[in-house]
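The values are calculated or read from the model by the stated rules, or taken from the named source; none is laboratory data. Values in this document were obtained by computation on a predicted structure and should not be read as measured data. Virtual Cβ from ideal backbone geometry, glycine too; neighbours counted across all protein chains shown.
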Amino acid sequence: MKKALITGISGQDGSYLAELLLEKGYEVHGIIRHISFEDTGYRLSNIAHIQDKIFLHGASLENQLSLYKVVKEVQPDECYHLAARSFVSYGLDESSILTTNFNGTHHLLEAICEIVPSCRVYFAGSSEMFGYAGTSPQNEFTPFYPRSMYGISKLAGYHLVNIYRKRYGIFICTGILYNHESPRRGFEFVTRKITSTAAKIKMGFKIKLILGNLEARRDWGYAPDYVRAMWMMLQQDTPDDYIVATGRTNSVKDFVDITFKMLNLNYKDYVVTDQRFYRSGEEVPLCGDSQKIRSRLGWKTTKLLTEIIEEMVQEDLKAEGLRCDYGSRIIRS
């Protein structure tokens with residue numbers, strides 16, 4: 001039985017990946033922050049339904065020793081490094097994001113290189129690495145020009161990954177993932193803010209939705225499709241880097257309009273724009289060309305944006321209507 005270690009297992013991608021690996025017969029281990037053991041109902045809600053099937057380990061990206069101990073204990077065959085501070089601010093006042101994300105990646109790769117050099121590793125890149133892209137859509141040869149600390153941190157990790165692959169022979173792949181959504185998306189992201197607030201409006205709990213630039217465009221896909229791509233990368237004969245995207249863009253306005261129409265509402269009656277939430281737009285939109293992973297690995301998307309939004313809206317309506325209390329049990333290893 002293969003053993004997999006997932007950093008960030010309690011997040012959107014980590015939880016879907018854990019489900020996928022369990023279905024494929026893996027023994028699944030996950031790293032969570034120690035504080036998550038104290039507030040399992042909220043912080044671990046995405047994996048509450050599988051906690052009796054996985055092993056959770058407390059560790060921190062900032063603590064090299066804690067990561068080393070987990071890697072030594074688990075001895076994974078595959079490691080999926082998804083954990084990162086993911087707040088995207090286009091100011092340069094978030095230097096802690098750079099420190100946490102880069103150092104965490106470095107600590108993890110050091111441990112794997114020393115303890116289990118045969119372990120196959122997936123590193124979560126981001127379309128934010130392209131930033132001010134010169135062309136659209138972007139492919140694996142498009143120059144990087146990040147414009148946020150988050151994008152810079154991911155690009156630094158990408159270059160570090162290449163060093164470990166070329167110098168030390170570690171099997172490691174970078175997935176350059178564009179935006180991907182699901183009902184497990186965090187409420188701090190605009191897509192989940194839209195669907196959850198629209199559900200509250202429909203239920204009579206809210207009267208307006210405050211957003212920034214409605215004309216901003218993104219390439220939105222379905223999270224379970226994207227974690228399947230992660231797994232596929234590590235099953236190949238040689239490591240490589242791949243863009244994972246739909247190749248289509250929609251505006252925030254499109255997303256809002258689709259969401260409210262599903263609830264038989266007119267978004268113009270409820271949506272208010274506020275300059276405080278505006279981000280500078282891109283002259284060239286971030287849109288991914290995923291031809292490489294589609295042709296080489298046979299990866300494909302399974303849901304259109306309308307279907308993704310419908311799933312998110314239905315889940316948010318259910319949450320608002322039932323006020324679900326997600327109990328959970330922690331498996332300590």
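Which residues, taken from region 60-82, are modelled with pLDDT under 95 and surrounded by 22 or more Cβ atoms within 10 Å (Cβ to Cβ)?
61
Go through region 173-188 residue by residue and tally those that are more than 22 Å from residue 130 (Cβ to Cβ) and either modelled with pLDDT of 95 or more or β-branched (Val, Ile, Thr) (or both).
3
Of everything in region 192-230, what is of a type in the set (Ser, Thr, Tyr) and within 24 Å of residue 274 (Cα to Cα)? Give them in sequence order.
Scanning region 192-230 gives 195, 196, 197.
For region 25-54: of the residues being part of a helix (DSSP H, G or I) and among the small types (Gly, Ala, Ser), which is modelled with the lowest pLDDT?
41
Closer than 22 Å to residue 14 by Cβ and aliphatic (A, V, I, L, M) - does that describe any residue in region 287-297?
yes
So, restricting to helices (runs of 4 or more DSSP H) that lie completely within region 132-248, which ones have at least 1 residues that are without any contact (Cβ under 8 Å) to a residue 40 or more places away in the chain, farther than 23 Å from residue 80 by Cα and among the hydroxyl-bearing types (Ser, Thr, Tyr)?
Helices (runs of 4 or more DSSP H) meeting the threshold: 190-203.
Filter region 249-279 down to the residues that are crowded, with 20+ Cβ neighbours inside 10 Å and assigned to a loop (DSSP other than H, G, I, E, B) and list them by number.
The one that is crowded, with 20+ Cβ neighbours inside 10 Å and assigned to a loop (DSSP other than H, G, I, E, B): 249.
Need the failing condition index for residue 287 against (1) surrounded by fewer than 14 Cβ atoms within 10 Å (Cβ to Cβ); (2) of a type outside the set (Lys, Arg); (3) under 20 Å from the mean Cα position of the chain (by Cα), just the number.
Every condition holds for residue 287 apart from (1).
Return a yes/no flag: does region 258-276 have any residue that is modelled with pLDDT of 90 or more and within 23 Å of residue 175 (Cβ to Cβ).
The answer is no; no qualifying residue exists.
May I ask you to verify whether residue 120 is farther than 22 Å from residue 251 by Cβ, surrounded by 16 or more Cβ atoms within 10 Å (Cβ to Cβ), among the basic types (Lys, Arg) and at pLDDT 95 or above?
When the stated conditions are applied, residue 120 passes them.
Spot the failing condition for residue 96; the list is (1) modelled with pLDDT under 95; (2) in contact with a Gly (Cβ under 6 Å, 6 or more places away or on another chain), and only one is missed.
It is condition (2) that residue 96 fails.
Please tell me if residue 323 is at pLDDT below 75 and touching a Ser or Thr at 6+ places or on another chain (Cβ under 9 Å).
It is false that residue 323 is at pLDDT below 75 and touching a Ser or Thr at 6+ places or on another chain (Cβ under 9 Å).
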